[in-house]
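**Q** Below you'll find the structure I mean.
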């Protein structure tokens, strides 16, 4: 892959970031640049980046935002910096993962045919992490796909994204626009992948390229895995359904009745997460607040999607 830029967003997890940057150092093929966007961390993140540059010579471009813009705001700025820097491929990831040796070579095998893909991940215990979903437009929700999706092929067609290793071609990123900072957290990567899928096949590929480092409590329901969450995440899971609905509207795929049913299912899923994973109902208020906020977003007649990113004068398309 030519001009591959990794885009990493971090917030107050300096030790996780240090581990991630160290894993980049051990790659047989490294990204041409590592763009680190710091969401106004109050810990020693800046020192971690400085030491990584001094000790390993990693090609890091570091920018500290003046305020926490959330994961979506961080990725929006990171993608913007990468495109301005001449990236032809963007590898998007959070700070609490590490990249595996041979990851870039494994993904490169699929780039002649596909412009957007997500590689496989291990969880913190080293087991394959369950992630295989499909976005059901009529309901406005993503559902797990059961079974071994790689039984017959190393490529599983999907229509959602994930910012734990999503690889996207720069020209495609320009066409669909920057990740939408209005999401703040949750839904941003899923919708970014869905937007890509409106233009080109998006695939989940049978190549382990990432390991999750941060352990999470999890309940396996057979057809679905539920991880632990937070009140902030619960609020935005519901709130951001307003943005999801607006994107569906723009693409002529919004079904009011179906979307309402999907909202009820989302609420019930989050309640189930509270009861089974976190063994409490104290976060139910955050779900209600998020739902009320989503109504205002849904009613915004002036809402517009993120615009395409223009090419710099004289720059060839990637």
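Each value in this text was obtained by applying a stated rule to the coordinates, not by laboratory testing. Quick caveat, the model's predicted, so the values are computed rather than measured. So basically every Cβ, Gly included, is an ideal-geometry build from the backbone, and we count neighbours across all protein chains shown.
**Q** For helix 14-25, report the angle its Cα long axis makes with the longest principal axis of the Cα atoms of the chain; keep it between 0 and 90° and round to the nearest 10°.
**A** Rounded to the nearest ten degrees, it is 50.
**Q** Oh, and also: Mind jotting down the distance between the C-alpha centroids of segment 157-185 and segment 49-102, whole Å?
**A** 15
**Q** Between [x] 16.3; [y] 26.0; [z] 18.1, which entry matches mean projected area of the Cα convex hull in nm² as derived from the coordinates of this structure?
**A** The listed entry that was calculated here is [x].
**Q** I've got another one for you. Need one number: nm distance between label points at residue 268 and residue 284, each 7 Å from Cα along Cα→Cβ, rounded to one decimal.
**A** Using points 7 Å along Cα→Cβ, the separation is 1.6 nm.
**Q** OK, next. Per the Kirkwood definition applied to all pairs of different Cα atoms, how many angstroms is the hydrodynamic radius of segment 1-158?
**A** On the way: mean 1/r = 0.0589 Å⁻¹.
Kirkwood radius, segment 1-158: 17.0 Å.
**Q** Working out 0.36 nm times the residue gap between residue 232 and residue 46, then minus their Cα-Cα distance, what length gain in nm do you get to one decimal?
**A** Fully extending the segment from residue 232 to residue 46 adds 64.4 nm.
**Q** On to the next question. If you average the C-alpha positions of segment 1-18 and of segment 245-282 separately, how far apart do those two centres end up, in angstrom?
**A** Taking the Cα centre of each part, segment 1-18 and segment 245-282 sit 30 Å apart.
**Q** Please give the contour-minus-distance gain from residue 61 to residue 198: 0.36 nm per residue of separation, less the Cα-Cα distance, rounded to one decimal in nm.
**A** Separation in residues times 0.36 nm, less the Cα-Cα distance, equals 46.2 nm.
**Q** Quick check: the angle from helix 45-56's long axis to the longest principal axis of the chain, C-alpha only, nearest 10 degrees?
**A** That works out to roughly 30 degrees.
**Q** A further question follows. With an 8 Å cut-off on Cα pairs and a minimum separation of 6 or more residues, tell me the relative contact order of the chain in percent.
**A** 20
**Q** Moving on. Arrange 153, 66, 171 by Cβ neighbour counts within 10 Å, fewest through most, would you?
**A** In order of increasing Cβ crowding within 10 Å: 66, 153, 171.
**Q** Taking the chain as the reference, fit the longest principal axis to its C-alpha atoms, fit the long axis of helix 284-298 to the helix C-alpha atoms, and give the angle between the two in degrees, 0 to 90, nearest 10.
**A** On a 0 to 90 degree scale, this one is about 80.
**Q** To one decimal place, what Kirkwood hydrodynamic radius in Å is obtained for segment 219-298 from all pairs of distinct Cα atoms?
**A** 13.1
**Q** Taking 0.36 nm per residue of separation and subtracting the Cα-Cα distance, what length does fully extending residue 54 through residue 214 add?
**A** Length gained, residue 54 through residue 214: 55.0 nm.
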